[in-house]
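Here is the structure we will look at, set down as structure tokens.
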Amino acid sequence: MKQYKIAVIPGDGIGKEVIPAGVKVLQALESRLGDFKLHFQDFPWGTDYYHQTGLMMPEEGLDLLKPFDAIYFGAVGHPTVPDHLTLWGLRLRICQGFDQYANVRPTRILPGIVSPLRGVEPGDLDWVIVRENSEGEYAGHGGRAHRGFPEEVATETAIFTRAGVARIMRFAYELALTRKRKLTVVTKSNAQRHGMVLWDEIAAEVGREFPMVEADKMLVDAATTRMVSKPRSLDVMVATNLHADILSDLAAALAGSMGIAPTANLNPSRQFPSMFEPIHGSAFDIMGKGIANPIGSFWTAVLMLEHLGEVAASRRLMTAIERVTAAGELTPDLGGTATTAQVTEAVCRAL
């Protein structure tokens, strides 16, 4: 029997509700199949830990996580702590520390869910957004000077390296080969004339290695309108850290709700563990009400199982999710009345 070690970090807000729900579903799945075993270990890191220690995770946190096969992550962010402290203290520290440079965000309309786009049916919107996850606008370079004075200055420098851009482009092209062989390179090189021009040039260079992939280039603002007006024309999109962060939130909303969208933060070389998380954030406005949508954490578990090589298990879980949404067992964000617990139990039954 295959054995896998999974580090579980619920984090903040509704992460503490949807990640335990995901663990419950995964345990039901492994019990049903019986051919692999998941060993979960909880790490109580996040804002509560910060209030106790002054840190979002311990100094040796990466060393503690390194032996695991995957990380199952909830959310980060709390009203009492500035967002840049919570994000950089936990999620980005793990992503950058483990070189999880490929952020993969699939989006499609699940059965039983109605898109806010008029006339769009399941199958019409089926995308994967590939986000460069290690540099770009979120590289963390910059600073502030003359704090508190009228001449105060802040700089935020986007970093684009040939190695970083080339590897994410190659990852995106290879992913496109497994789907419809279509790739849209999202850019803003008309206004950002250095880093984004390099981005475009390397995209074209790598593209010559993949003549079987139909590639096009689109400015990020035009990409948003294309997502809304011509969703069938898109398949795989690759974008910078900031651009893909925004586009993937739009994609989730167009598919029905932020609550359903999954993310894989991949270290493709597998030198370090990869991290899997729903994209919805901590959502403190609904925390503790029992209505958080767990579908995003379940779909995230599908991506984690795929990464671990448990393809049959991942497909079985995705099928169970789709049966539940098709039956109308939906939380309020999708127009239903079901609770987190009810959706979780429904997926366990469907398995």
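The values are calculated or read from the model by the stated rules, or taken from the named source; none is laboratory data. Please read these numbers as outputs of a predicted model, since none were measured by experiment. Cβ: placed from backbone, ideal geometry, glycine included. Neighbour counts: every protein chain shown. All accessible areas refer to the heavy atoms of the entire protein, side chains included, with ligands and DNA or RNA removed. Shrake-Rupley method; radii C 1.70, N 1.55, O 1.52, S 1.80 Å.
Considering region 333-342, the residues that are under 21 Å from Ala252 (Cβ atoms) and touching a residue at least 60 places away in the same chain (Cβ under 8 Å) include one that is surrounded by the fewest Cβ atoms within 10 Å (Cβ to Cβ), namely Gly335.
Check whether at least one residue in region 4-25 is open to solvent by 40 Å² or more (accessible area, probe 1.4 Å), in contact (Cβ under 8 Å) with a residue 40 or more places away in the chain and in contact with a Phe, Trp or Tyr (Cβ under 8 Å, 6 or more places away or on another chain), and report yes or no. Spell out how you get there, then give the answer.
Pass one, region 4-25, residues open to solvent by 40 Å² or more (accessible area, probe 1.4 Å): 5, 16-17, 20, 24.
Remaining after also requiring in contact (Cβ under 8 Å) with a residue 40 or more places away in the chain: 5, 16-17, 24.
Retained after the next criterion (residues that are in contact with a Phe, Trp or Tyr (Cβ under 8 Å, 6 or more places away or on another chain)): 5.
Yes, region 4-25 contains a residue that is open to solvent by 40 Å² or more (accessible area, probe 1.4 Å), in contact (Cβ under 8 Å) with a residue 40 or more places away in the chain and in contact with a Phe, Trp or Tyr (Cβ under 8 Å, 6 or more places away or on another chain).
Scanning region 136-157 for residues that are more than 21 Å from the chain's Cα centre (by Cα), part of a strand (DSSP E or B) and of a type in the set (A, V, I, L, M, F, W, C) turns up Ala145, Val153, Ala154. Contact map, region 282-295: first residue part of a loop (DSSP other than H, G, I, E, B), second residue aliphatic (A, V, I, L, M) and open to solvent by 20 Å² or more (accessible area, probe 1.4 Å), Cβ cut-off under 6 Å, separation 6 or more or different chains; pairs are Ala292/Ile286.
Residues being open to solvent by less than 10 Å² (accessible area, probe 1.4 Å) and under 22 Å from the mean Cα position of the chain (by Cα): count how many of those fall in region 30-44.
Residues of region 30-44 open to solvent by less than 10 Å² (accessible area, probe 1.4 Å): 36, 38.
Cutting the leftovers down to under 22 Å from the mean Cα position of the chain (by Cα) gives us 38.
Total satisfying the criteria: 1.
Can you pull out every residue in region 231-249 that is touching a residue at least 40 places away in the same chain (Cβ under 8 Å) and of a type in the set (S, T, N, Q)? Step through it out loud before you land on a result.
Here is the first cut: in region 231-249, the ones touching a residue at least 40 places away in the same chain (Cβ under 8 Å) are 231-232, 234-245, 247-248.
Matches in region 231-249: Thr240, Asn241, Ser248.
Within region 93-135, the set of residues being within 23 Å of Arg162 (Cα to Cα) and assigned to a loop (DSSP other than H, G, I, E, B) comprises Phe98, Asp99, Gln100, Tyr101, Asn133, Ser134, Glu135. Within region 86-104, residues that are within 14 Å of Ser134 (Cβ to Cβ) and among the small types (Gly, Ala, Ser) have Cβ atoms under 8 Å from residues that are in a helix (DSSP H, G or I) and open to solvent by less than 20 Å² (accessible area, probe 1.4 Å) in these pairs: Ala102/Ile168, counting only partners at least 6 apart in sequence or on another chain. Only one of the numbered conditions (1) in contact with a strand residue (DSSP E or B) (Cβ under 7 Å, 6 or more places away or on another chain); (2) under 20 Å from Leu175 (Cα atoms) is violated by Gly281, and that is (2).
Would it be correct to say that Phe160 is closer than 17 Å to His243 by Cβ and surrounded by 11 or more Cβ atoms within 10 Å (Cβ to Cβ)? Let's see the steps before the verdict.
Working: closer than 17 Å to His243 by Cβ: yes; surrounded by 11 or more Cβ atoms within 10 Å (Cβ to Cβ): yes.
So Phe160 passes the test.
Taking only region 304-332 into account, find how many residues are crowded, with 23+ Cβ neighbours inside 10 Å and either touching a strand residue (DSSP E or B) at 6+ places or on another chain (Cβ under 8 Å) or closer than 14 Å to Ile109 by Cα (or both). Total meeting the criteria: 6.
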